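Comments concern the structure below.
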There are 2 protein chains.
Amino acid sequence: GALSQSSTQAVNGVSHRGKVLTLDSMNPNVKRVEYAVRGPIVQRAVQIEKELKEGVKKPFTEVIKANIGDAHAMGQKPITFLRQVLALCSYPELLEDNMFPEDAKKRARRILESCGGHSIGAYSASQGIECIRQDVARYIERRDGGIPSSPDNIYLSTGASDAIVTMLKLLVCGEGRSRTGVMISIPQYPLYSAALADLGAVQISYYLDEDKCWSLDVAELRRALNAARQHCNPRVLCIINPGNPTGQVQSRQCIEDVIRFAKEEHLFLMADEVYQDNVYAEGCKFHSFKKVLFEMGPEYSSTVEMASFHSTSKCYMGECGFRGGYMEVINMDPEVKAQLTKLVSVRLCPPVPGQALLDLVVNPPQPDEPSYTTFMKERTAVLAALAEKARLTEETFNTVPGITCNPVQGAMYTFPRITLPQKAIDKAKEEGQVPDMYYCMRLLEEEGICLVPGSGFGQREGTFHFRMTILPPTEKLKVVLQKIREFHLRFTQEFS
Amino acid sequence: GALSQSSTQAVNGVSHRGKVLTLDSMNPNVKRVEYAVRGPIVQRAVQIEKELKEGVKKPFTEVIKANIGDAHAMGQKPITFLRQVLALCSYPELLEDNMFPEDAKKRARRILESCGGHSIGAYSASQGIECIRQDVARYIERRDGGIPSSPDNIYLSTGASDAIVTMLKLLVCGEGRSRTGVMISIPQYPLYSAALADLGAVQISYYLDEDKCWSLDVAELRRALNAARQHCNPRVLCIINPGNPTGQVQSRQCIEDVIRFAKEEHLFLMADEVYQDNVYAEGCKFHSFKKVLFEMGPEYSSTVEMASFHSTSKCYMGECGFRGGYMEVINMDPEVKAQLTKLVSVRLCPPVPGQALLDLVVNPPQPDEPSYTTFMKERTAVLAALAEKARLTEETFNTVPGITCNPVQGAMYTFPRITLPQKAIDKAKEEGQVPDMYYCMRLLEEEGICLVPGSGFGQREGTFHFRMTILPPTEKLKVVLQKIREFHLRFTQEFS
Ligand SMILES: Cc1ncc(COP(=O)(O)O)c(C=O)c1O
Ligand SMILES: Cc1ncc(COP(=O)(O)O)c(C=O)c1O
């Protein structure tokens, strides 16, 4: 038994001290981190997949993962032009071959020329390859109708995740009541709450208005800010537009109000714009925070500090695995910028294939180039399919009694509200689970559909949601929606 | 002037509050971070390169960067097999083509099959693609003569940098005198000191013995540990073997002593083994910490907690830009492992092209496969050239009065000691620079050679060094060595 074992150890002169690194002796901030998008539901989904492979019988034959915005995993094909250039960059001997179009070769040559030793295997500058940063700046200028952008303000990154965490890290300081507070929306993309927990910063939650299509209301920002001033030092305001998980697209007016608020309240703005091409709804349009800021005149454009983020993972490309991205910083103190440059140099550089991919995204084939037609056809097809699936999702869910679903104006998600019977809520509590986790777990076990419970993103007390991506191919999405419908009715029935 | 400007602002009713984010209000830990490998010397080198392009006349026509272990940037060609498979993974249409060998296609198919939607553009599992982790485990087993390795203990990473920082983050806790202390060698690779500053952990410096070829002495470990116990809680011991910047390769005996010390003193071991293929000196051999640990018997192999790190950036591949790497954790508490898995999931996953590359490194062409001969020829040529350059470097430097250079037994660097005349030291102080920074800056301005001052890695008070990579092609390296020789003599002369 335990006793005799410990006495044996004493005999050997070895006192049992246990592990150096335990749950009790590890970094407490890390323990506080939560990341539902890859949480227990997903772990169980992976397990179920293994069981299916081993021949275990289930009421379904495959697990459909609608838990993460991962387009290729859901069957979306890569854009030909992007991958041709990447193959050329990986194995430049292919430049001698006749199988690739000239514009792909031209792009590859240009990228290789800007790499150390003409190889994507060399480290790049820590801020990112200079000519790619120039291309990013020109892309932003085109996007924003000519408002200037400088490559010096562009930092390439390992996906948007990396840049967001780095920017938050720079901003956090102080202790106790002076600790930096960071405003994030509820519901939010949980990278933000996770990074704040890790950094020991104070999370300030402002609620989006579900009844108004998940829009942002400055009065609610003000309420949250004033409450937070009692216990921390609010310095940062984070916005996700188009929204994850809400699928909402902000109006120009709303963005103006937010910028005015940030200026008045002396807040650093972080604009997460990774879904900037993903706008589907009639009457909605993507407005970049940068463009609105500059259109508000020099009083704003020369004072409000801001960072905006983009990624190769979303939009029409969906190239998540390459971990490409950038941030643009605006009105950042030059001394702080030097510190930022130093900080990113510690990890040497972002992945060069991801940088190369980003270069193609910001500098796609032009009308007079041979790849243009195919590129545009592929791009348009992806975005049109997403728009159709956004519509389909909203429509179907709103026919289910007990599910209410806002329009999916943009991004890749829906965050419908589900009404759960009191008995189901009690049952969940009995099982020691939050109710929407219980709901999603049951859905997974019974239908093989993997969603993320609303509690992973935050929601108003007493309300329940789930997040589903609209990424499965249309026919499969229809099945998913139908299965959720049936499950929801059955579940409601069971607990009535 | 400043006054009238501020009164103008008052007239407009705008009180000038300055920036939200300034040097004073930013994260103080980030300010403490230093990273010399990409510091002021390198920034000046980049500037000089621009000046040369613009036609500014200099006493040289190109800047030779021997400051960073970046093989491809120094002209090393990528290994054909690795790049063929990467091209196939990037653009799977090439699988239909006859231009690639069958084993390259086989590898690419296997990697693609393990990716979501058969695309390297999908996010992978956060810990890394499972079949690649299996290949890593088998590689470690082969390397270590059959000692078992489990894919569950393998975490793929964004270069070794990422895994090292993540592991340190897990380990740091406590405040004041209970704050975690981490033992690192002096000289060290500055990623370590930078990460510790960022995390607010306590750096405990132990000195390597320059007179004994930069070897590690357990008595010195003990001295450093005992001194540190007065003001922090030492919990971690970091080792780099083969050494950067020292080029030293540890003996089996030394590794055993270190492991015994770690066990006695209840320290978590971090073994940075990114140069495991880079061993050149007669009589030297790479011994992995894992293998030695297991050979010491169950008393050690079942108790000592350890993480070891590897990377695609070094060895014969030199594929830095892909940011591939892994760590293996040993005897880690399962609850802590769950926390680690959660933590890495926040950034979603390491770059998939880097994971694919790592898979090829741990699973290279076999003797019966078509790519084997070319692969071995290329690999051997790179390592033989490095061995030759290691010898050449030591030999040449030791002919220069005032430079003493230990043998470059392994890795990719030399860290020779330079004797500086007192007048040079005084001059440097006048200029507000540390003496070896002054020396390296003068060398850069006069000869166009970019090195890193020893102060960036740490050195015993009153001694001066620089770090140089042995990566330039042999003929260029000869020129570099000759130019440093001439500079050193001239510099010594000037201040005598
Ligand atoms: C709003 C938002 N920001 C950032 C990210 C991070 O994406 P990545 O790191 O792949 O660029 C995501 C990913 O889903 C996201 O939804
Ligand atoms: C000792 C050591 N560890 C880790 C690294 C990090 O390498 P990477 O992040 O490219 O894998 C380096 C790079 O030079 C190194 O020398």
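Data table
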read-out: Centroid-to-centroid separation of the range A:94-121 and the range B:462-496 [C-alpha atoms, Å]; value: 36 Å
read-out: Delta accessible area of at least 30 Å² on complex formation, residues of the range A:279-327, 1.4 Å probe, chain isolated as reference; value: A:Glu305, A:Gly321, A:Phe322, A:Arg323
read-out: Beta bridges by DSSP in the range B:107-362, antiparallel share as percent, to the nearest 5; value: 40 percent
read-out: Interface residues, the range B:344-370 - accessible area loss of 50 Å² or more versus chain alone, probe 1.4 Å; value: B:Val346, B:Arg347, B:Leu348
read-out: Structure-based [θ]222 nm, the protein assembly as shown - -39500 (n - 2.57) summed over DSSP H runs of at least 4, per residue, nearest 500; value: -13500 deg cm²/dmol
read-out: Percent antiparallel among DSSP beta bridges (both partners in the protein assembly as shown, rounded to 5); value: 50 percent
read-out: Rg/Rh for chain B, where both radii come from Cα atoms and Rh is the Kirkwood radius; value: 1.00
read-out: Length-normalised contact order of the range B:107-362 in % [C-alpha pairs under 8 Å, at least 6 apart]; value: 25 percent
read-out: Share, in percent, of DSSP beta bridges within chain A that are antiparallel, nearest 5; value: 50 percent
read-out: Partners for A:Lys429 among aspartates and glutamates (Cα-Cα distance below 18 Å; same-chain residues under 8 apart left out); value: A:Glu461, A:Glu494
read-out: Percent accessible area from carbon and sulfur atoms, the protein assembly as shown, protein chains only, probe 1.4 Å; value: 51 percent
read-out: Shielded residues, the range A:87-123 - accessible-area loss of 50 Å² or more between chain alone and all protein chains, probe 1.4 Å; value: A:Ser90, A:Tyr91, A:Met99, A:Gly121, A:Tyr123
read-out: Accessible solvent surface per residue of the range B:82-207, calculated while the other protein chains remain in place, 1.4 angstrom probe, Å²; value: 31 Å²
read-out: Partner chain coverage, peptide A:32-38 - average Cβ within 10 angstrom; value: 4
read-out: The range B:257-358 - percent relative contact order, Cα under 8 Å, separation 6 or more; value: 25 percent
read-out: P(r) weight above 30 Å for the range A:107-362, C-alpha pairs, percent; value: 25 percent
read-out: Shielding score for A:68-74, defined as the mean number of other chain Cβ atoms within 10 Å; value: 6
read-out: Cross-link pairs B:Lys65/B:Lys314; A:Lys106/B:Lys106; B:Lys263/B:Lys290 - those with Cα-Cα distance over 24 Å; value: A:Lys106/B:Lys106
read-out: A versus B: buried accessible surface, summed, Å² (probe 1.4 Å, to nearest 100); value: 7900 Å²
read-out: Kirkwood Rh and Cα Rg combined as Rg/Rh, the protein assembly as shown; value: 0.96
read-out: Relative contact order computed over chain A (Cα-Cα under 8 Å; 6+ residues apart), in percent; value: 21 percent
read-out: Kirkwood-based shape ratio for the range B:87-233, expressed as Rg/Rh from alpha carbons; value: 1.14
read-out: Solvent-accessible surface ranking, highest first, for A:Thr373, B:Thr463, A:Thr474 at 1.4 angstrom; value: A:Thr373, A:Thr474, B:Thr463
read-out: Anchor B:Lys423: lysines whose Cα lies under 27 Å away (excluding residues fewer than 8 positions away in-chain); value: B:Lys58, B:Lys483
read-out: Averaged over B:79-85, number of beta-carbon atoms from partner chains that fall within 10 Å; value: 3
read-out: Partners for B:Lys57 among aspartates and glutamates (Cα-Cα distance below 20 Å; same-chain residues under 8 apart left out); value: B:Glu49, B:Glu445, B:Glu446, B:Glu447
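The values are calculated or read from the model by the stated rules, or taken from the named source; none is laboratory data. Given the structure is predicted, the values throughout are model-derived calculations rather than measurements. Quick reminder, even Gly has a Cβ in these numbers, built from the backbone with ideal geometry, and neighbours come from all protein chains shown. For the accessible areas, the whole protein counts, side chains as well, though only heavy atoms, and no ligand, DNA or RNA atoms are used. Shrake-Rupley method; radii C 1.70, N 1.55, O 1.52, S 1.80 Å.
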